[in-house]
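The values are calculated or read from the model by the stated rules, or taken from the named source; none is laboratory data. Computed from a predicted model, the values in this text were never measured in an experiment. Reconstructed Cβ throughout: ideal geometry from the backbone, glycine too, with neighbour counts over all protein chains shown. With ligands, DNA and RNA removed, areas are computed over all heavy atoms of the protein, side chains included. Shrake-Rupley method; radii C 1.70, N 1.55, O 1.52, S 1.80 Å.
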Amino acid sequence: MMSPRTLELPFVLQAQGCAGRVAVADAAGVHTYDALLAASGRVAAALLQGRQDLAEARIAFLVVPGFAWVATLWGIWRAGGVAVPLALSAARPELEYALADTAAEALLWDEANAETAAPLAAALHLRGGGFEQLVGAEPPEALPAVAEGRRAMILYTSGTTSRPKGVVTTHANLQAQITSLIAAWEWTADDRTVLCLPLHHVHGIVNVVSCALWAGARVEMLAKFDAVGIWQRMQRGELTLFMAVPTIYVRLIAAWEAADEATRQAWSAAAHRLRLMVSGSAALPVSTLERWRELTGQTLLERYGMTEIGMALSNPLHGERRAGSVGMPLPGVQVRLAAEDGSAVLSEGTPGEIEVRGANVFLEYWRRAEATQEAFRDGWFRTGDTAVVEDGRYRILGRTSIDILKTGGHKVSALEIEEVLREHQSIAECAVVGLPDAEWGERICAVVVLHPGQQLELDALRGWGRERLTAHKLPTRLLVLPQLPRNAMGKVVKPEVTRLVVAAEDTGR
Ligand code: MLC
Ligand code: AMP
C-alpha cells in the first residue's frame, strides 16, 4: 500500500508560483498572492499560539467574501485546522447548531460580523478573534506539514434528516474537485472572474474562489449579489468567466429587461466577450438558457454537482451544450445510474439514481457514521438525484426524496422547516412542500393545521421564523387547512399536500 503523501499544502505552492500577481480584488482594493500568503501565515500563527499543529481542531468563521475570507480559510488550513465557513445569512440558532455540532474550538470574524459573532463566541465559551487582530500577529516560525488525507473543511447541508449534516472533505478531495474543473473548463492564470455567491457552499468556495486561486487567476469578490452591479462589472471589461445559479441568471435577465436600449446593447456586448458562463446548483430552465443566448450570444454551460462530491457532470467547454442536459462525467469522476434497490447498474435510456465515485467524493458526514454508511453502496456515493442517460449525456429527472427542496440554489429540508414551525404556538400540525417557481426554482409553501381558535397570517409567520431560520427557508406561501391528508398509516401524503396548495392557488385562496 502506498504511504500517504505529505502535503506541502498544494494551494500554497500554487500561490508561491504567482507571487506578485493580483489574487483577490474586493471593496478594500487589490491583494496579491504574496499578500494572501503573508496574511494567512499570520492567521495560522495566531491560531496556533505556540502549538505545532491544530490537529484538525474545527475553526468556524463568519467573514464577508473578500481578502479576509480567503486569508482566514488558508490560515486555518496552514495551521492544520478544519475550516467551518458559516453562512452570513444564518439565524442565531442555526449558527449555534453548527458550532455545537462541529465542537468548534474557535470562532473568527471580521469587523462586519463582530456584533453577531463576538457575543456568540462568549456565550458558547469559544476562543474568539477578529481578523484584524489575528492578521496583526507575528509571522509563523514554522507551520505543520498537513497530509492530504486529513480533514480540511466541514460544510453544512440539508438532507433527509431534520437537522443539517456536516459534510467533511479532505485536502485531497478538494484538490481533486478543483483540478477536475480546471482541466475541464481550461482555467488559466489569465482568467478573471467575479464571485457573487455566498461562501458556505461548494459553488462559491470550490468552483469560483478555489479554482481561480489554484490557477493563479484573479477573483473579484463581492459581498453580495446585485444584478445591476454584475452587469456594470461585465461592462467595465476584462472578465473571462462567470458562474452562478439559475436564479441569478433570471435576475440578470430581469435587470436587462428593465434597462434602456443603449444600456441593454452595452450589457449584451459586454457579456458576449466572456469566454465562459456557467450555471449550476439547480436545474436551468430551457427558457432561461434560450433567453440568455438571445441577450448575450452565450450558451450557458450547465453542470451538476453536490456538496458531498463537488462537481460530477458537465456540458462540454468545446462542442455542443445541450439544453436540459447536465452533460457527461468530469475528469477523474466516475458516474453511473443504479436501480433504486441497488439491484442493477442501468444502461442508456433507463432512469435511475446517480451514483458517484472518485477522489472528489467526501470523507464522511461529521460524527454521523451511520448516515455516512447509508450514503454509500458498494463504494459509490448515492446522490438521491434521479437521471436518465441519453446519447451519452445525463438529464436530471428529479430527486428520490420529496422532502429535499432547492430554492435560489440553496438546498432546504422540508423536515427541518416543519420541525421549527411546530414550535409555533398556533400550529398543531404542518407540512412543507416546494412549488415550482420561475424565479426561485422552487418556492417554500407551508400547509398548517392550527390549534382551535387560532389564526395565522403569512407575514406574522415569517416575522416569527426570521429569528429561527435563514430567510430562504421561510415559507412564502401559507395555507391553513382543517386537517392534513394522511394515508392509512397516518403519514402525511406530500404529493397530495402539493396538489392542495396548487388547487388553492388556482382558486385564489
Ligand atoms: C431570499 N428570499 C427568498 C428566497 N431567498 N424568497 C423566496 N425564496 C427564496 N429562496 C427573499 C428574502 O426573504 C428577502 O425578502 C428577499 O428575498 C431578499 O433576500 P436576500 O437574501 O437578499 O436574497 P437575494 O440576495 O435576492 O438572493 C438571491 C440569490 C441567493 C439567488 C442571490 O439566494 C443566492 O446567492 N443563491 C445561491 C446559493 C448557492 O450558492 N447555492 C450553491 C449550493 S452548492 P424580504 O422580505 O426580507 O425582503 C450546490 C452544489 C452545486 O448546490 O451543484 O453547485
Ligand atoms: P447541495 O446539496 O446544496 O450541494 O445541492 C446539490 C443538489 O443540487 C444536487 O443533489 C441536485 O439535486 C441539485 N443540482 C445541482 N446542480 C444541478 C443541475 N444542474 N440541475 C439540477 N439539479 C442540480
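A few notes on this one:
- Looking across segment 183-195, the residues that are open to solvent by 10 Å² or more (accessible area, probe 1.4 Å) and either touching a strand residue (DSSP E or B) at 6+ places or on another chain (Cβ under 7 Å) or of a type in the set (Val, Ile, Thr) (or both) come down to Ala184, Thr188, Arg192.
- Screening Gly159 against (1) open to solvent by less than 20 Å² (accessible area, probe 1.4 Å); (2) at pLDDT 95 or above; (3) over 20 Å from Ala103 (Cα atoms); (4) not basic (Lys, Arg) leaves a single unmet condition, (2).
- The number of residues in segment 261-294 being in contact with a Ser or Thr (Cβ under 7 Å, 6 or more places away or on another chain) and either open to solvent by 10 Å² or more (accessible area, probe 1.4 Å) or assigned to a loop (DSSP other than H, G, I, E, B) (or both) comes to 5.
- Applying the criterion of being away from ligand 1 (no atom under 16 Å from the Cβ) and farther than 12 Å from Thr160 by Cβ to the residues of segment 398-420, the residue that is least open to solvent (accessible area, probe 1.4 Å) is Glu418.
- Leading residue by the ranking (surrounded by the fewest Cβ atoms within 10 Å (Cβ to Cβ)) among those in segment 458-500 that are among the basic types (Lys, Arg) and more than 16 Å from ligand 1 (Cβ to nearest atom): Lys491
- If you go through segment 84-127 and pick out every residue that is of a type outside the set (Gly, Ala, Ser) and part of a loop (DSSP other than H, G, I, E, B), you end up with 7.
- Among residues of segment 141-156, those that are open to solvent by 10 Å² or more (accessible area, probe 1.4 Å) and closer than 30 Å to Arg422 by Cβ, counted: 1
Rundown of residues vs (1) buried (at least 24 other Cβ atoms within 10 Å of the Cβ); (2) of a type in the set (Asp, Glu); (3) at pLDDT 95 or above, yes/no style:
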| site | (1), (2), (3) |
| --- | --- |
| Arg163 | no, no, no |
| Gln175 | no, no, yes |
| Leu181 | yes, no, yes |
| Gly216 | no, no, yes |
| Glu238 | no, yes, no |
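- If the condition is being of a type in the set (Val, Ile, Thr) and within 27 Å of Ile248 (Cβ to Cβ), then segment 421-468 contributes Val432, Val433, Ile444.
- The residues on offer are Thr263, Thr240, and the sole one that is of a type in the set (S, T, N, Q) and either within 30 Å of Ile309 (Cβ to Cβ) or within 13 Å of ligand 1 (Cβ to nearest atom) (or both) is Thr240.
- Among the candidates Val326, Val286, residue that is within 13 Å of ligand 1 (Cβ to nearest atom) and of a type outside the set (S, T, N, Q): Val326
- Criterion violated by Val43 - all others in (1) open to solvent by less than 10 Å² (accessible area, probe 1.4 Å); (2) more than 17 Å from Glu141 (Cα to Cα); (3) out of contact with any Phe, Trp or Tyr (no Cβ under 6 Å at 6 or more places or on another chain) satisfied: (2)
- Scanning segment 12-57 for residues that are in contact (Cβ under 8 Å) with a residue 40 or more places away in the chain and among the charged types (D, E, K, R) turns up Arg21, Asp26, Arg42, Asp53, Glu56.
- Evaluated against (1) part of a loop (DSSP other than H, G, I, E, B); (2) under 21 Å from Ala15 (Cα atoms), Trp214 falls short on exactly one condition, (1).
- Restricting Gly441, Gly434, Gly453 to residues that are open to solvent by 20 Å² or more (accessible area, probe 1.4 Å), modelled with pLDDT of 95 or more, among the small types (Gly, Ala, Ser) and under 30 Å from Ala244 (Cα atoms) narrows the list to Gly441.
- Of all residues in segment 320-349, those satisfying the criterion of being part of a loop (DSSP other than H, G, I, E, B) and modelled with pLDDT under 95 are Ala339, Glu340, Asp341, Gly342, Ser343, Ala344, Leu346, Ser347, Glu348, Gly349.
- Qualifying residue in segment 237-251 (condition: farther than 17 Å from Arg291 by Cα, without any contact (Cβ under 8 Å) to a residue 24 or more places away in the chain and either more than 16 Å from ligand 2 (Cβ to nearest atom) or over 24 Å from the mean Cα position of the chain (by Cα) (or both)): no
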